[in-house]
Each structure stands twice: as C-alpha cells, then as structure tokens.
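Asker: Dropping the structure in here first, questions after.
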Amino acid sequence: MVGALAAALFLAGCTSAMSASKPRSTSKPVVYVAVGASESVGAGLNDPLIDAWTQLFYRGSLQPSAVFVNMAVPDSTALQALQAQVPTAVSLNPTVATVWLNVDDVFDGVDPSVYGSELRSIVSSLSRGGATTVLVANTPPLQLLPGYLHCLSGQEPATQTFSCPSPVPSATALQTEVAAYNAQIATVASSTGAVIVNLNAAYGRAARAGTEASLVGPDGINPSQAGQALVAQTFAAALASRTHSRS
C-alpha cells in the first residue's frame with residue numbers, strides 16, 4: 001500500500017510539473033478596424049466586399065484568424081469619423097487600425113490645423129484602445145483627379161458621389177492645401193507613433209508613368225479596382241516596414 005501511494009504521488013507530481021511547464025498562448029488575437037470614408041468602403045466598385053482596398057489588405061496582410069470590422073462611412077470627414085466611428089472602433093479593442101481620412105476634409109474646406117487636431121484625437125484614441133499599429137494614409141495629389149478637373153473646367157460631375165466645392169480652388173491652391181494636410185499628418189504620425197502610408201507618393205509615381213487615369217473610378221474621385229489594389233499594396237508595404245523595424 002505504501003508503495004502504491006508513493007507511485008501515485010510520483011505520477012501526480014509529474015502530471016503537475018508537465019501542466020505547469022506547458023506553454024500557454026497569451027497572444028492577443030488580431031482585431032483589425034478600418035476608420036475612413038468612401039474610399040475605404042469601396043464606393044463605385046461592382047463588388048466592394050471583394051475588391052475594396054480594406055478587404056484586400058485584410059486578406060493579404062493579416063493572418064487568417066484575424067477579425068476585421070470596417071467602420072468606414074461614405075463622405076466622412078475626420079470630425080465625423082471621430083464622433084461616429086472611433087468610439088465603436090475603440091470598444092472592439094483593436095490591435096491594428098487603418099485610417100484614411102482627408103479627401104472629404106480638403107474638399108469641404110477644413111483648415112489643415114483643425115484637421116490635424118482631429119486626426120491626432122483619432123489616432124490617440126485608437127492607440128489608447130489597444131491598437132499597437134495605426135496606419136495613417138496621407139493625401140493623394142487631388143489636383144490630378146478627373147472629378148476635380150471637371151469642376152475646374154466649370155462642369156459639374158455627372159455622378160452624385162461627388163459635388164464640386166464652392167468655390168473651386170485652383171490647381172495650385174489645391175496642391176498647396178494637400179501639402180499642408182500632409183505636413184499635419186506627418187506631425188501627428190511623429191508624435192503618436194503612427195505609420196504613414198504614402199499614397200501621395202504612390203499616386204505620384206503612377207502619374208509620372210502615365211497610368212494615373214486607370215486608378216480612378218467612373219465617378220472621377222474614388223479609386224477604381226486597380227486603384228484599390230494600389231492602395232492595398234501601399235498599406236501592406238507600410239505594415240511590413242513597421243513589422244520589420246520591430247523585429
């Protein structure tokens with residue numbers, strides 16, 4: 001009996017030791033939230049649930065077990081997103097967040113400094129909510145968009161997804177405004193640790209190659225299927241750069 005008891009205690013000790021030494025997974029599941037406007041919804045696409053850049057980024061850059069919630073609302077400014085999208089996004093405890101908000105702000109005439117303050121609040125809120133990686137798109141060269149060029153020539157775009165700003169800024173003035181917005185985005189990224197996704201450079205390279213027209217959909221503003229793919233690739237490259245710098 002004594003021998004049997006000793007053996008039982010020995011086996012129990014081994015079992016306990018094995019249980020204690022077995023590694024337990026404590027990694028937080030990846031939760032990806034997208035905060036944005038029409039571009040992030042996939043406005044103008046035949047199948048936005050497949051071809052929107054947010055979907056492409058989710059499927060191509062994150063692990064299969066990741067959860068994706070698209071908070072983007074068409075025509076959102078940074079202030080509207082801060083009020084309507086960010087609280088719910090934060091409540092999901094995201095680990096990865098993307099932010100593309102600037103086109104509607106520019107065309108709505110929001111002062112760059114006001115926009116910068118609102119963007120800082122968005123990024124800071126997402127970071128406090130648990131997002132260890134926040135990717136923020138800068139502003140593409142809007143002066144090249146066909147929809148804007150129609151407005152500049154005095155023609156209201158045929159589509160209802162974009163209305164000409166009033167007054168319509170000159171190409172030089174719009175380019176200056178885009179530069180001011182991107183300076184604000186750079187400042188926010190530098191102070192918060194967010195990663196800039198350089199859409200301005202990506203679209204600029206396409207313009208120099210003469211392929212920029214293929215990146216814009218029929219409404220003259222939102223990305224085409226090819227444009228969505230380029231945006232997804234640019235976000236993916238920014239994420240890869242972030243991951244590499246941490247390893």
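Asker: I'd like to know if the range 129-145 contains one or more residues that are hydroxyl-bearing (Ser, Thr, Tyr), in contact with a Ser or Thr (Cβ under 9 Å, 6 or more places away or on another chain), farther than 25 Å from Leu230 by Cα and open to solvent by less than 70 Å² (accessible area, probe 1.4 Å).
Answerer: Going residue by residue through the range 129-145, those that are hydroxyl-bearing (Ser, Thr, Tyr) are 132-133, 139.
Next, from what is left, pick out any that are in contact with a Ser or Thr (Cβ under 9 Å, 6 or more places away or on another chain): 132-133.
Add one more test, that the residue is farther than 25 Å from Leu230 by Cα, and what stays is none.
Scanning the range 129-145 turns up no residue that is hydroxyl-bearing (Ser, Thr, Tyr), in contact with a Ser or Thr (Cβ under 9 Å, 6 or more places away or on another chain), farther than 25 Å from Leu230 by Cα and open to solvent by less than 70 Å² (accessible area, probe 1.4 Å).
Asker: Of the residues that sit in the range 61-83 and are part of a helix (DSSP H, G or I) and either open to solvent by 70 Å² or more (accessible area, probe 1.4 Å) or basic (Lys, Arg) (or both), which one is farthest from Asp219 (Cα to Cα)?
Answerer: Restricting attention to the range 61-83, the residues satisfying the condition of being part of a helix (DSSP H, G or I) are 61, 78-83.
Now restrict to residues that are either open to solvent by 70 Å² or more (accessible area, probe 1.4 Å) or basic (Lys, Arg) (or both): 79-80, 83.
Values: Leu79: 24, Gln80: 23, Gln83: 27 Å.
Only one residue tops the list, namely Gln83.
Asker: Continuing with this model, one more query. Free of Cβ contacts under 8 Å to residues at least 12 places away in the same chain and assigned to a helix (DSSP H, G or I): does that describe Ala238?
Answerer: Details: free of Cβ contacts under 8 Å to residues at least 12 places away in the same chain: no; assigned to a helix (DSSP H, G or I): yes.
So Ala238 fails the test.
Asker: Now, a different point. Out of the residues in the range 214-235 that are among the hydrophobic types (A, V, I, L, M, F, W, C) and assigned to a helix (DSSP H, G or I), state the one that is farthest from Gly60 (Cα to Cα).
Answerer: Kept after step one, since they are among the hydrophobic types (A, V, I, L, M, F, W, C), are these residues of the range 214-235: 215-216, 221, 226, 229-232, 235.
Among the residues that remain, those that are also assigned to a helix (DSSP H, G or I) are: 215, 226, 229-232, 235.
Values: Leu215: 20, Ala226: 16, Ala229: 11, Leu230: 13, Val231: 12, Ala232: 9, Phe235: 11 Å.
Within the range 214-235, the match that is farthest from Gly60 (Cα to Cα) is Leu215.
Asker: Look at Ala131 and say whether it is without any contact (Cβ under 8 Å) to a residue 60 or more places away in the chain and closer than 21 Å to Ser40 by Cα. First the steps, then the outcome.
Answerer: Numbers: without any contact (Cβ under 8 Å) to a residue 60 or more places away in the chain: no; closer than 21 Å to Ser40 by Cα: yes.
No: the conditions fail for Ala131.
Asker: If a residue has to be crowded, with 22+ Cβ neighbours inside 10 Å and among the β-branched types (Val, Ile, Thr) to count, how many in the range 182-203 make the cut?
Answerer: So the count comes out to 3.
The values are calculated or read from the model by the stated rules, or taken from the named source; none is laboratory data. As the structure is a computational prediction, the values presented were derived from the model and not from experiment. Methodologically, a virtual Cβ is constructed for each residue, glycine included, from the backbone with ideal geometry; neighbour enumeration extends over all protein chains shown. Ligands, DNA and RNA are stripped out before the accessible areas are found, and what is left, the full protein with its side chains, is counted by its heavy atoms. Shrake-Rupley method; radii C 1.70, N 1.55, O 1.52, S 1.80 Å.
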